[in-house]
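Right, one structure below, let's go through it.
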Amino acid sequence: MKLPPDARFSTICIHAGQTPDPGTGAIITPIFQTSTYVQDELGKHKGFEYARTQNPTRAALEANIAAIEGGTAAYAFASGMAAIDALTTMLEAGDHVVVTDNTYGGTFRLFDKVLTKYKLEFSYVDTSQPQLVEDAMQANTKMVFVETPTNPVLRLTDIAKTAEIAHRHGARLVVDNTFASPALQRPIELGADLVTHSTTKYLNGHSDSIGGIVIAAREEDAAWLQFIQNAAGAILSPFDSWLVLRGTKTLNVRMAQHNANGMALAQFLSTHPKVIHVIYPGLTNHPHHELAKRQMKGFGGMLSFDVGTFEAARDVCNRVKLMSLAESLGGVETLISHPATMTHASVPPERRQEIGLTDSLVRISAGIEDPADLIADLQQALA
Ligand SMILES: Cc1ncc(COP(=O)(O)O)c(C=O)c1O
């Protein structure tokens, strides 16, 4: 198999980084469950010495995702948080980072509770407003860390504009692309220097693995990431690498159905008398709908809706039958959650209020089931 240089997205997802196993012809990259590799003679080996440093299953996944995101190279880590932690090792004591204020709670916890101990400084701003990013830039700003769309209020940041601001100030732009996936949004094409994912979500897509990845646009950043992956050692296991590699093959078709189901649920909820407000970038009343149309190839499977009171939100979460009440997102099965008491419980209440994360907000990660069954489930839960 030779991937044509002008291969399109689905073809890249299925074939990039994949070559049949030379020993057996196995079409699927095997799980190389080994800790070390036998060397031919002293100083002569096959490119693999020790499995923290190199593993063929992980290498196949990394080549695959680097191509999917249009980057130079990718490095896979034990979780999305391990990937973000690795990224921050590009910084030095005294550096400043501008961060999306509604970033994932775990990212906030790492930055606020761990990395401030190492004299890194963070400013949290609403990056959906480029002027606020501009205003937050300091002489020591070395990184702008953006999540778009955000969780769970689905605010969008203009990646191209933010890249221009970051670069004018000599900072790198990092985009956490977990919520959109590269099937919908390719930040490197828009000027981002680095992209990160919790592969736990859409890239794996089957709710059976925890992992993370960083994709670098440039060689010098790739070289550092390779160094830190080996030096700190928070690597993705061969089995998890294999699972994610299986997931990326169907990314494009899964995302098409996630988009369709997200839209179907958003439209249904918009007309429901018990629903006060629906937040979905595909709806024309979403404040960043125009940006979503420009920046994304689809509106995704994540949506949130407000049912007026905490009690009503609790009832919907408890009454669904087909949907599962659970944290996480991006799998083939639909999940429902209550961000204020689940994923965002660690965010102070006044901060939740500021970003519109009310106690009456319910979040859905639309899976790829038949949308009519999902709508029927919500209908009975809201009745
Ligand atoms: C946007 C985003 N980034 C990063 C993470 C962290 O990923 P992981 O749970 O794989 O460590 C999450 C987890 O929910 C997330 O939603």
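The numbers here are math on the coordinates, done by the rules we state, and not lab data. What you are looking at is a predicted structure, and each value in this text was computed from that prediction instead of being measured. Backbone-built Cβ (ideal geometry, glycine too); neighbour counts: all protein chains shown.
At-a-glance table
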item	result
Note, ³J(HN,Hα) from phi for region 75-81, Karplus 6.51, -1.76, 1.60, rounded to Hz, x at Gly and Pro	9, 9, 10, 5, 6, x, 5
Distance from region 215-254 to region 71-117 (C-alpha centre basis), Å	16
For GLU147, distant residues with modelled amide H under 5 Å away	THR100, ASP176
GNM result for the chain, Cα springs below 10 Å: residue of TYR37, TYR75, TYR104 fluctuating most strongly	TYR37
Alpha carbon convex hull of region 227-381, projected area averaged over orientations, nm²	11.5
Listed pairs LYS113/LYS142; LYS113/LYS297; LYS117/LYS161; LYS201/LYS293; LYS46/LYS142 exceeding 27 Å between Cα atoms	LYS113/LYS297; LYS117/LYS161; LYS46/LYS142
Within the chain, helix-based [θ] at 222 nm, where runs of 4 or more DSSP H residues each add -39,500 (n - 2.57), nearest 500	-10500 deg cm²/dmol
Residue with peak Gaussian network fluctuation, the chain [Cα springs, cutoff 10 Å], from VAL347, VAL174, VAL214	VAL347
Net charge dipole size for the chain [Lys, Arg +1 and Asp, Glu -1 on Cβ; Debye, nearest 20]	400
The chain: angle of helix 371-382 to the longest principal axis, Cα-based, in degrees nearest 10	50
From phi via Karplus (6.51, -1.76, 1.60), per-residue ³J(HN,Hα) for region 267-279 in Hz, x at Gly/Pro	5, 4, 5, 4, 9, 7, x, 8, 9, 7, 7, 10, 10
Relative contact order, percent, region 176-282 [alpha-carbon distance under 8 Å, six or more residues apart]	22
Kirkwood-type radius of the chain, with distances r between different C-alpha atoms, in Å	21.4
Nearby lysines by direct alpha-carbon distance to LYS2 (threshold 18 angstrom, same-chain neighbours under 8 apart not counted)	LYS249
Dipole of region 304-383, positive direction: furthest Cα of VAL347, GLN379, ALA313, with charges on the beta-carbon	VAL347
Alpha-carbon centroids, region 143-161 and region 323-379: separation in whole Å	19
Normalised contact order of region 277-319, rounded percent, pairs of Cα under 8 Å and 6 or more residues apart	38
Binned Cα-Cα distance frequencies in region 191-256 - 5 Å width, integer %	4, 16, 22, 22, 19, 12, 4, 0
Normalised alpha carbon radius of gyration of region 1-109 [divisor 2.2 N^0.38 Å]	1.38
For region 154-265, size of Cβ-based charge dipole, Lys and Arg +1, Asp and Glu -1, in debye	300
Taking only Cα atoms of region 300-345, radius of gyration then Dmax in Å	10.5, 29
Using θ = phi - 60° and Karplus 6.51 cos²θ - 1.76 cosθ + 1.60, couplings along region 331-341 (whole Hz; Gly, Pro as x)	x, 5, 9, 6, 10, 10, 8, 10, x, 4, 10
Share of alpha-carbon pairs per 10 Å distance bin for region 80-224, given as whole %	12, 46, 36, 6, 0
Degrees, to the nearest 10: 238-249 long Cα axis against longest axis of the chain	60
Cα gyration tensor shape of region 68-162, rounded if a/c is under 1.5, else prolate or oblate by comparing a/b with b/c	rounded
Relative contact order %, the chain, counting alpha carbon pairs below 8 Å whose residues are six or more apart	16
